[in-house]
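Trainee: Here's a structure for you.
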Amino acid sequence: MKEDVLHRLVDIWATGEAATSLGFAAARLFDELDPLERRKEEIFAEQGIGGAPRLQGECVVIRRKALDCLQNSVNCDDPMVRYVSLDSLANVICPACKPGTPATAPT
């Protein structure tokens, strides 16, 4: 059965609105993430943490703390935990917003 032109237009409009909302959400997320990333670098510098192995070890500890906060529904004010949480969210939203990815490829 052939789809009505009006319904197709509404589908295209709704897709555009959803994509715009997702793009704006990603922009807000990165606006919040950028200062936290700078703060993360400052904290690592203050603690003298450098080199890949030590950074990886510290990141594992921070991820565990963030996971504990999420699992226990605790509001954690640690900027490092906030950074890890937002970075994880950005790793999902950013690829969804990029053109040409399967999530946004034309059908």
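Trainee: Along Cα→Cβ, 7 Å out, is where each label goes; now give me the distance between the ones at residue 49 and residue 76 in nm to one decimal.
Mentor: Roughly 1.2 nm, to one decimal.
Trainee: Further, regarding this structure: Measure off, as a whole percent, the carbon and sulfur share of the 1.4 Å-probe accessible area of the chain, all protein chains present.
Mentor: Looking at the chain in its full context, I get 59 percent from C and S.
Trainee: For labels at residue 94 and residue 59 in the simple 7 Å Cα→Cβ model, what's the distance in nm?
Mentor: Here the answer is 1.1 nm between the modelled labels.
Trainee: Around residue 76, which amide H atoms from residues at least 5 apart in sequence, or from another chain, sit under 5 Å from its own amide H, with H modelled in the peptide plane?
Mentor: none
Trainee: Same structure again: Dividing the Cα radius of gyration by the Kirkwood radius, what Rg/Rh value follows for the chain?
Mentor: Ratio value, two decimals: 1.17.
Trainee: In whole Hz and in residue order, list the ³J(HN,Hα) couplings for the range 9-22 that follow from phi through the Karplus curve 6.51 cos²θ - 1.76 cosθ + 1.60, θ = phi - 60°; x for Gly and Pro.
Mentor: Once rounded to whole Hz, the list reads 4, 5, 4, 5, 4, 5, 5, x, 4, 5, 5, 5, 4, 5.
Trainee: Averaged per residue, what accessible surface does the chain expose to a 1.4 Å probe, in Å²?
Mentor: 76 Å²
Trainee: Charges at C-beta only: +1 for Lys and Arg, -1 for Asp and Glu. How large is the resulting dipole of the chain about its Cα centre, in Debye rounded to 20?
Mentor: 280 debye
Trainee: Provide the FRET efficiency to the nearest 0.05 for the residue 42-residue 17 pair, computing r from the beta carbons and using R0 = 35 Å.
Mentor: Taking R0 as 35 Å, the efficiency between residue 42 and residue 17 is 0.35.
Trainee: Tell me, what is the percent relative contact order of the chain, built from C-alpha pairs under 8 Å that lie six or more residues apart?
Mentor: 32 percent
The values are calculated or read from the model by the stated rules, or taken from the named source; none is laboratory data. Everything numeric in this text was worked out from a predicted model, so none of it was measured. Quick reminder, even Gly has a Cβ in these numbers, built from the backbone with ideal geometry, and neighbours come from all protein chains shown. Only protein heavy atoms, including side chains, enter the accessible area calculation; ligands, DNA and RNA are left aside. Shrake-Rupley method; radii C 1.70, N 1.55, O 1.52, S 1.80 Å.
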